[in-house]
Amino acid sequence: MGPQRAEILQKELGIFTFDDLLHHYPFRHVDKTRVTPIGAIAPGEEYIQVAGILSSFELIGERRGRRLTAQVRDKTGVLELVWFQSISLIQKVIQPGQPYLVYGKVSFFMGKPQMVHPEMEAWDPEKLKGKDYLEPVYPSTEKLKAKNLGGRQIGKLTAALIVHLTERDLPENLPLKMRENLRLMPRFEAFRNIHFPQTTARFEAAVRRLKFEEIFFAQLRMNLLRWERHRFSKGVVFEKVGELFNRFYKDCLPFELTNAQKRVLKEIRIDTGRGKQMNRLLQGDVGSGKTIVALLNMLLAVDNGYQAVLMAPTEILARQHFQGIRELLEPLPVEVAILTGTTKGKERRALLERLVAGGIQILIGTHAVIEDPVRFQNLGLVIIDEQHRFGVAQRARLWDKAPIPPHVLVMTATPIPRTLAMTAYGDLDYSVIDELPPGRKPIQTVHRYENDRSLVMDFLKAEIALGRQVYVIFPLIEESEKLDYENLMQGYEAIKTYFPEPQYWISMVHGKMPAHQKDENMRRFVTHDTQIMVSTTVIEVGVNVPNASVMLIESSEKFGLSQLHQLRGRVGRGAEKSYCILLTGKKLGNEARERMKIMTATSNGFVIAEKDLELRGPGEIEGTRQSGALSFKLVDIVNDRAMVEAAKQQCEQLLKEDPDLSLPENGVLKEFLRSQKGKTAWSKIS
Ligand code: ADP
Ligand code: MG
């Protein structure tokens, strides 16, 4: 291939090497033996192949409407063929009166089947008896097609490549025992058959084999990282449970910990006391009480002479954590400080100095805490709240902040479905708080249509009359900040007409608002100066107002499931009965209707996460997009769940028996990993 075509292949499809070309899989195969009788063509069939004798050409229409037509006829009927382009070329190479195989997409025009720009091939019935009759068609792009590199031409390149390959070029990379157990096709054969299958069954076996390989090695890499960390990493040692932890536990803890919280704390204590770096994912549904676990963990660090950081995704949340934690720690001699983007000038310089001198033991903040000028005296623990807002790269920057890498606890309130978690975060250890604090009353969730608005407003009034507070949330549409803002303002005005001053007072918070104004509005709601909080999703994470009993979500159809679930988690925190009202327009798409149904049916975050994955696919699950860990070529994490599970089991079994991959039969794994080094962008995800 010349340099020009090579370059465009690189640019358009990322194909640089033979290996890349082999991994550029066909998206379908044409079964060259399958010939549909023309009389049997039914509407709804897409790509088909017919065989028959070609009639003579006819040129019809003028100028732009000019087109070439012909018919192909078999014993059962006639199919109209149409060309709009390359008319003279077609007339030159295609011969009327001869038998042709005609392949393409059928459409119906005036009740008759026709094919526009069909693929034509001289028809020799003998040839169909050959073996390679499933012809691959590859994804391509318009630019490539213009350079004569359409789906079929790519197939020719691949065919030319495969002819030259032997088993030595594509050595087996799975141990024999595993392959036999799972009845997986050998690797070389799999590559041949995914491109040029001899039969459909062999094609399917090839896909299965290569899918398994894809998911298995993704997991193996992650798990190896985890094992390596367990065995070889250095970590600061939190050896004792000290004075602060004990005093807090005895005197300051406002409630008894749930069993799940105790279990997780124990897991963390073991993990941070071994001299290895902790890298742990803590999942817990919204309201399950992750903050207190984080705080106790930070006290453990401080007791052992280390500094701790708690990182939140938004300024509001950071401030709320700061205030809450400072109050809880009031009776104890612990220095707590906050650092966000709005900490500026003298204040900021003073804070940074105290930090590096060890005068601050617990630092709470936004991503500002990982910026370069921020230095610690001896950072021992980093806790990341609502992790899905933090990119992988941001996490990695923390490593430079201490000579021995600090322990890391990643907390997420958007439960990640199991299949995703073990694939995307397989390098992290995993804790889960699967129990809500006692005394929570379930939140009653209902779906109401726009034309019930005044009834809904009456309900809000009744709740406010009982001394409760309510949230009214408007969606962010994101394409246009201006539009969002206008939406919110309109909504705010509408709410105001139902709830006039001075009988009612309303707080409003949105993303464009200066921090001090946000804080003021939040504060007034928290202190019950206002009864209504109108907001965009900025309050989605974190805020805690136990007296709030109603969450009204406007245009609910515009929210994803996990967002709705997060929002709902803002109520049901006090002793009173709480409500979540999903308001939508009358016209709902199927998927939106499904979301409303799920929300009213369950309040289990893990169930909702699974449904979310099914409805939207993994690409949309927050936090997985940028990780790159889920960009598979063949595996579909939703539909191939059984295979993901199987790969996980194999992986665990393997590492239990042979953590170094030093047994001779596992040499192929090691060899393959070595050959792939540097090819994955996420080889060091945490
Ligand atoms: P999340 O896991 O969503 O971050 P929080 O840590 O904000 O949840 O906790 C939610 C609420 O539950 C807070 O008001 C917190 O004080 C309270 N809480 C946490 N643990 C317990 C417990 N064991 N018993 C009673 N209330 C608890
Ligand atoms: Mg939280």
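The values are calculated or read from the model by the stated rules, or taken from the named source; none is laboratory data. Predicted, not measured: the structure shown is a model, and the values here were computed from it. For neighbour counting, all protein chains shown are included, and Cβ atoms are generated from backbone atoms with ideal geometry for every residue, glycine included. Side chains are part of the model used for accessible areas, which takes the heavy atoms of the whole protein and leaves out ligands, DNA and RNA. Shrake-Rupley method; radii C 1.70, N 1.55, O 1.52, S 1.80 Å.
Examine region 340-357 for a residue that is under 28 Å from Tyr430 (Cα atoms) and away from ligand 1 (no atom under 14 Å from the Cβ), and state whether such a residue exists.
The initial filter retains those residues of region 340-357 that are under 28 Å from Tyr430 (Cα atoms), namely none.
So far as region 340-357 goes, no, none of its residues is under 28 Å from Tyr430 (Cα atoms) and away from ligand 1 (no atom under 14 Å from the Cβ).
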Candidate set from region 276-305 (those that are among the aliphatic types (A, V, I, L, M) and closer than 23 Å to Val607 by Cα); member that is nearest to ligand 1 (Cβ to nearest atom): Val286
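Could you list all residues from region 447-471 that are within 29 Å of Thr258 (Cα to Cα) and away from ligand 1 (no atom under 16 Å from the Cβ)? Break it down into steps so the answer makes sense when it comes.
Applying the first criterion (within 29 Å of Thr258 (Cα to Cα)) to region 447-471 yields 468-471.
Hits for region 447-471 are Arg468, Val470.
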Odd one out for Asn487, checked against (1) open to solvent by less than 40 Å² (accessible area, probe 1.4 Å); (2) more than 26 Å from Phe238 (Cα to Cα); (3) at pLDDT below 90; (4) more than 16 Å from ligand 1 (Cβ to nearest atom): (1)
When residues of region 103-152 are limited to those that are closer than 25 Å to Asn193 by Cα and β-branched (Val, Ile, Thr), the one modelled with the highest pLDDT: Val137
Residue tally, condition over 23 Å from Gln323 (Cβ atoms), open to solvent by 10 Å² or more (accessible area, probe 1.4 Å) and away from ligand 2 (no atom under 16 Å from the Cβ), over region 372-388: 5
Residues that are crowded, with 20+ Cβ neighbours inside 10 Å and away from ligand 1 (no atom under 13 Å from the Cβ), drawn from region 423-444: Thr423, Ala424, Tyr425, Gly426, Asp427, Leu428, Ile443
Criterion violated by Lys112 - all others in (1) out of contact with any strand residue (DSSP E or B) (no Cβ under 8 Å at 6 or more places or on another chain); (2) surrounded by fewer than 13 Cβ atoms within 10 Å (Cβ to Cβ); (3) farther than 24 Å from Lys143 by Cα satisfied: (1)
In region 390-432, the residues that are at pLDDT 80 or above, aliphatic (A, V, I, L, M) and within 16 Å of ligand 2 (Cβ to nearest atom): Leu409, Val410, Met411, Val432
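With the condition being touching a residue at least 40 places away in the same chain (Cβ under 8 Å), I'd like the strands (runs of 3 or more DSSP E) fully within region 58-177 carrying at least 2 qualifying residues.
Details: elements: 58-60, 67-74, 77-83, 99-109, 112-116, 119-122, 134-137.
Output list reads 77-83, 99-109, 134-137.
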Matching residues in region 197-228 - criterion: being more than 25 Å from the chain's Cα centre (by Cα) and modelled with pLDDT under 90: Gln198, Thr199, Thr200, Glu228
Members of region 490-512 found to be at pLDDT below 85 and either closer than 19 Å to Glu450 by Cβ or surrounded by fewer than 17 Cβ atoms within 10 Å (Cβ to Cβ) (or both), listed by number: Gly511, Lys512
Condition broken by Glu435, with the remaining ones in (1) touching a helix residue (DSSP H, G or I) at 6+ places or on another chain (Cβ under 9 Å); (2) more than 16 Å from ligand 2 (Cβ to nearest atom); (3) of a type outside the set (A, V, I, L, M, F, W, C) satisfied: (2)
Hits in region 178-208 (condition: closer than 19 Å to Pro139 by Cβ and in a loop (DSSP other than H, G, I, E, B)): Phe196, Pro197
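Which ranges mark the helices (runs of 4 or more DSSP H) fully within region 209-304 that have 2 or more residues being within 16 Å of ligand 2 (Cβ to nearest atom) and touching a residue at least 24 places away in the same chain (Cβ under 8 Å)? Please lay out each step first, then the result.
Numbers: elements: 243-247, 259-272, 290-303.
The qualifying helices (runs of 4 or more DSSP H) are 259-272, 290-303.
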